[in-house]
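One structure is given here, and the rest of the page talks about it.
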Amino acid sequence: MKDVKIESTLTVFENFDELPKDIVSLMNKASEARLKAYAPYSKFLVGAAILLDNGEVITGNNQENASYPSGLCAERTAIYYAGAQFPKAKIVKMALTAGSQMQQTVSPIPPCGACRQAIAEYEVKQEAPIEIYFMGETGKIVKSASLANLLPLGFDRSFL
């Protein structure tokens, strides 16, 4: 028997001033999308913006319904739209921002488990990493160089 250590490396930006300009723009689009979220049950709004290799930017936000929790997260709303409309394009970068209507959210909010699995599928499909930036409403922004960095020992088609 042996222990195996798995580590992830993340980059933490203290604020928008430290971000590259293209990421500020992408994060602003995610923030705009967050404000349009439909979250009457959780009161937790999430916005996503995806940059494709063809230059297109796709946004999405969480969508809830009365049979909660059968809605859809912002990340999957955006990534599935991108896959449907631009099936040959690769996802280069993704920006996420989340906030509660009950209190200010200052901690960086990463993708949930279901979204990590969906994003992982696209990393495997396109055989290229997806940079992911995530934050609360304000405060620090975290960058992961890939989804695989956030979901080590991921499940993909190689197991089927």
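The values are calculated or read from the model by the stated rules, or taken from the named source; none is laboratory data. Bear in mind that the values here come from a model prediction, so they are computed numbers and not experimental data. As a convention, Cβ positions derive from the backbone with ideal geometry for all residues, glycine included, and neighbour counts pool all protein chains shown. When the accessible area is computed, the model is the full protein with side chains, heavy atoms only, and any ligands, DNA or RNA have been set aside. Shrake-Rupley method; radii C 1.70, N 1.55, O 1.52, S 1.80 Å.
Inter-label distance, Gln85 to Val124: 2.6 nm, where each label sits 7 Å from its Cα along the C-beta direction. Look at the dipole of the range 1-109 built from charges on Cβ: of Ser70, Tyr41, Met94, the Cα furthest out on the positive end belongs to Ser70. Relative to the compact-globule estimate of 2.2 N^0.38 Å, the Cα radius of gyration of the range 52-160 comes out at 1.09. Annotation: per residue accessible area for the range 36-88 equals 52 Å², rounded to a whole number [probe 1.4 Å, protein chains only]. When the accessible area of the range 95-151 is split by element with a 1.4 Å probe, what percent falls to carbon and sulfur? C and S atoms contribute 54 percent here.
Local charge for Asp22 was computed over the other residues whose Cβ lies under 15 Å away, with Lys and Arg +1 and Asp and Glu -1, and equals -1. By the rule of a C-alpha distance below 29 Å, with chain neighbours fewer than 8 residues away ignored, the lysines paired with Lys5 are Lys93, Lys125, Lys140, Lys143. Only Lys, Arg, Asp and Glu carry charge here, each on its Cβ (+1 for the first two, -1 for the last two); on that basis the range 10-60 has a dipole of about 360 debye about its Cα centre.
Its DSSP H runs of at least 4 residues, each contributing -39,500 (n - 2.57), put the calculated 222 nm mean residue ellipticity of the chain at -8500 deg cm²/dmol, to the nearest 500.
Each residue of the range 112-125 was assigned a 3J(HN,Hα) from its phi angle through the Karplus curve 6.51 cos²θ - 1.76 cosθ + 1.60 (θ = phi - 60°); the sequence is 5, x, 5, 5, 4, 5, 5, 5, 4, 4, 6, 4, 5, 4 Hz, with glycine and proline shown as x.
Over all directions, the projected convex hull of the C-alpha atoms in the range 1-112 averages 10.2 nm² in area.
Structural descriptor for the chain: relative contact order 23 percent, calculated from alpha carbon pairs under 8 angstrom and at least 6 residues apart.
Per atom type, the range 1-44 shows carbon and sulfur on 51% of its accessible surface, probed at 1.4 Å.
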